[in-house]
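Here is the structure we will look at, set down as structure tokens.
Nothing in this text is a laboratory measurement; each read-out follows from the coordinates by a stated rule. The model shown is predicted, which means the values in this text are computed figures rather than measured ones. Heads up, the Cβs are rebuilt from the backbone with ideal geometry, glycines too, and the neighbour counts pull from every protein chain shown.
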Amino acid sequence: MAEFTLPKDTSLNKRSRPVDDLIRYVLFVCASISILTTAGIIFVLGNEALNFFRSHGFIQAGNSLIQAIEPDETVIRHTTSGQTYTVGDMISFAEREGTEILLITDVPERGVLIVERGYEGTTPSFHGNGSNLFKVKNVTLVEFFTGQRWQPQIAAFGFLPLLVSTVIISVIGLLVAVPIGLGAAIYMSEYASERARSILKPTLEILAGIPTVVLGYFALTFMTPLLRAIFGVDVVQVYNMASAGIVVGFMLIPLVATVSEDALRAVPRSLREASFALGATRFETSVRVLVPSALSGILAAIILAMSRAFGETMIVAVAAGAGPMYPIDFNPFKAAETITGHIARISTGDLSYASMDYNSLFSLGLVLFVVTLALNLLSNYISARFREVYQ
């Protein structure tokens, strides 16, 4: 009988592999950087948005002092050609943060105010004859989510006009992208030959690679004139939500088609063969068997497309409009500014740090982040909830 000799090293301890350890550390660092980057973005957005809700809006009152006041004086005499005041109003004599805020406690007669000096921790100071008066307004969550006018320069902080236009354009984009993208996915998965698929899929990827600013000018110079020729110049404005939404839909087609096709091709071939064996046509098999079986992936594609449309910037900045709608109008042929379009327009101007406009951008950015996060979580939930597991 042959003898079996044990190796000299019979230790079961883990051997040191420097290369594997280095790779593991590098991958850990990459994962940590991605997590820390996300956390940093959330911190900056949250901190600056909080500053926005702590700040004040200043409204030009159209009145001015007719008698200088010392830091300890509580009686203010002003011109009466501008706005009127009531008890509880806050006023200031400079349109900037950090200036003294005064709380009106009584209005004994027109042109005379009794005030509390140094309100909200500000410092009482001297104000000379002729100083302009400003009404001071706090930013509130209630107004932010329910107000119907967005113009921080005049202390109007309702972001609903921006949200409504963003939703309208996103819905129009989905109405364009979902039927076309799903149809393309079914064709590539069930009808196209390998040669046709090898041509069509790279073509869709080329469409996904077109810069969105180019698509924006395409919407402005081609889609808008086309809509005006169909519906009339008086109906369709030069800048409008419809043309922007349609071109956003074109941008979303590759996303919907690619993800949906992957979901359809993941369905086992046995289901197709069983359907054909029962006498179903290829179309019936695609619509009644494959699409329901791949529903989780298709719904995930649609939600991801919605998230992508919600955050699109350049197309809407170029083609949709350059001002928040007021009053709110659901007519897609009118101009309107979206959340991302407003951020792009305002951030390119000369904004002073910690100003009302500057801080408002972060509040809108935080809204976009929360909505996008919610859509991604919904996509993950739907994928897990409706996923079909085949043995």
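Key figures for this structure:
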quantity: Lys, Arg +1 and Asp, Glu -1 on Cβ, resulting dipole of the chain about Cα centre, debye, nearest 20; calculated: 1520 debye
quantity: Low-density loop cleavage sites - chymotrypsin sites (Phe, Trp or Tyr not before Pro) in the range 287-376, where at most 15 other Cβ are within 10 Å (DSSP); calculated: PHE330, TYR353
quantity: Given 13 as the ceiling on other Cβ atoms within 10 Å, longest exposed-site-free region of the chain for trypsin sites (Lys or Arg not before Pro) in DSSP loops; calculated: 111-386
quantity: 222 nm mean residue ellipticity, helices alone, for the chain (DSSP H n ≥ 4; -39,500 (n - 2.57); rounded to 500); calculated: -16500 deg cm²/dmol
quantity: Residue-count net charge about VAL287 - beta-carbon cut-off 14 Å; Lys, Arg +1, Asp, Glu -1; calculated: +1
quantity: Around GLU48: net Lys/Arg minus Asp/Glu count, Cβ-Cβ under 14 Å; calculated: -1
quantity: Rounded to 10°, Cα long-axis angle of helix 160-186 versus longest principal axis of the chain; calculated: 10 degrees
quantity: Cα gyration tensor, the chain - rounded (a/c under 1.5), prolate or oblate; calculated: oblate
quantity: C-alpha long axis of helix 241-265 to longest principal axis of the chain, angle in °; calculated: 30 degrees
quantity: Other-chain or far-sequence residues with amide H under 5 Å of SER64's (modelled H); calculated: THR79, LEU133
quantity: Hz values of 3J(HN,Hα) by residue in the range 368-383 - Karplus curve (6.51, -1.76, 1.60), Gly and Pro given as x; calculated: 4, 4, 5, 5, 5, 4, 5, 5, 5, 5, 5, 4, 5, 5, 5, 4
quantity: Test item: Cα-centred dipole of the range 160-385, Lys/Arg +1 and Asp/Glu -1 on Cβ, debye; calculated: 580 debye
quantity: Dipole axis of the range 62-138 (+1 Lys, Arg; -1 Asp, Glu on Cβ), positive-most option in LEU103, HIS127, TYR85; calculated: TYR85
